[in-house]
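Comments concern the structure below.
The values are calculated or read from the model by the stated rules, or taken from the named source; none is laboratory data. This is a predicted model, so every value here is computed, not measured. No Cβ is skipped: glycine too gets one built from the backbone with ideal geometry, and neighbour counts run over all protein chains shown.
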Amino acid sequence: MSKKVYVYSTMTGPVEYAIWVNGGGDIPMIQKSVRIEGGANVADKHLHTPRGVCTIISEEDYAILQQDGVFQIHKKNGFITVEHSKAPSIERAVADMESQDESAPLTPNDFDDGPGPKPEAEEAPAVAAPKPTGPGSRRK
């Protein structure tokens, strides 16, 4: 039985990392893929919004991920961390990671209410209401 690897992610959507090989006619085909779940910063049906999610994979799958350039970029940028033992809680495991990726939904905390000039709203040009036409539009 292979050992388990715990991959913690703060990405909003799931990502499937794949090994590509040339198939017939040199058409690229997926030989093997590993899916890392997303769902951080998205409310579920119980209105719980997790700060991160955990995907349990095998050592063989982790070896595949170590060869994937996109996985390495996600890890380097702080959206993924890998542990060989289970953390006491997901919140503790993701505490030092990037809090959200660019696809996370906006929250009130994303808007700056601090000092400084505020953008002025452009006033829409005044438009006269169209005059009623057709039968019954005249009043007697």
Q. If you go through segment 116-138 one residue at a time, do you hit one that is hydroxyl-bearing (Ser, Thr, Tyr) and modelled with pLDDT under 70?
A. yes
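From the set of residues in segment 81-114 that are assigned to a helix (DSSP H, G or I) and farther than 25 Å from residue 66 by Cα, which is nearest to the chain's Cα centre (by Cα)?
Looking at residues that are assigned to a helix (DSSP H, G or I) and farther than 25 Å from residue 66 by Cα, I get 110.
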(Q) Quick check on residue 59: is it free of Cβ contacts under 8 Å to residues at least 40 places away in the same chain and among the acidic types (Asp, Glu)? (A) no
Q.
Let me confirm something: among 7, 34, 53, which residue is touching a residue at least 60 places away in the same chain (Cβ under 8 Å) and surrounded by 17 or more Cβ atoms within 10 Å (Cβ to Cβ)?
A. 7
Q: Go through (1) in contact with a Lys or Arg (Cβ under 8 Å, 6 or more places away or on another chain); (2) closer than 17 Å to residue 77 by Cα and name the single condition residue 66 misses.
A: (1)
